[in-house]
Amino acid sequence: MMVKRITFDSLHKILNGTTNTSQPCVVKLYSNSCHFCQALREHYEEVAELYNDYHFFAFNVSDHPDIEGELNITGVPTILFVNNGETSHSVTILEDPPFPDKLSYYTIEQVKNFIESFTPEGEIK
């Protein structure tokens, strides 16, 4: 699945569950001035190719700096998993790693494990 850059309005719809899809969404919050964010880009795009049943998005927090306070996050990069199930809607933030990767903050394995924690056992990805 390709990663799509989104606007604040689109992010708002995803976070509030008012999209026209019931598929889960993964959103990377980033900043162009963040070296971790730039290094994580390749990992994130690689992970997006593995999960065809999820939508992958990227949002530049510089486009709406107040979003960090609204989401109660302390910085970027931050990855969100948004479950748009038919009966429920939830937003989960990938926790900061205990030992951040020196290049990309999160490793590709941490991102994959986070996404897979929401995939029911036995479900084909």
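What follows is calculated from the coordinates using simple rules that are stated; it is not laboratory data. Predicted, not measured: the structure shown is a model, and the values here were computed from it. Glycine also receives a Cβ, built like all others from the backbone with ideal geometry; neighbour counts cover every protein chain displayed.
Listing for the model above:
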read-out	value
For S22: the one exception among (1) assigned to a loop (DSSP other than H, G, I, E, B); (2) crowded, with 16+ Cβ neighbours inside 10 Å; (3) in contact (Cβ under 8 Å) with a residue 60 or more places away in the chain; (4) not charged (D, E, K, R)	(2)
Exclusive hit being crowded, with 19+ Cβ neighbours inside 10 Å, in contact with a Cys (Cβ under 9 Å, 6 or more places away or on another chain) and either free of Cβ contacts under 8 Å to residues at least 12 places away in the same chain or β-branched (V, I, T) (or both), set I67, I14, I79	I14
Positions within the stretch 26-63 being over 19 Å from E116 (Cβ atoms), in contact (Cβ under 8 Å) with a residue 40 or more places away in the chain and crowded, with 16+ Cβ neighbours inside 10 Å, in sequence order	L29, Y30, S31, C34, F36, C37, A39, A58, F59, N60
Filter result for the condition that a residue is of a type in the set (G, A, S) and farther than 17 Å from Y105 by Cβ, over S31, S22	S22
Filter result (within 15 Å of N16 (Cβ to Cβ), of a type outside the set (D, E) and more than 9 Å from the chain's Cα centre (by Cα)) within the stretch 60-85	H64, I67, L71, N83, N84, G85
Positions within the stretch 17-36 being farther than 18 Å from T7 by Cβ and either within 15 Å of the chain's Cα centre (by Cα) or of a type in the set (D, E) (or both), in sequence order	Q23, P24, F36
Members of the stretch 37-58 found to be under 12 Å from R5 (Cβ atoms) and among the aliphatic types (A, V, I, L, M), listed by number	A58
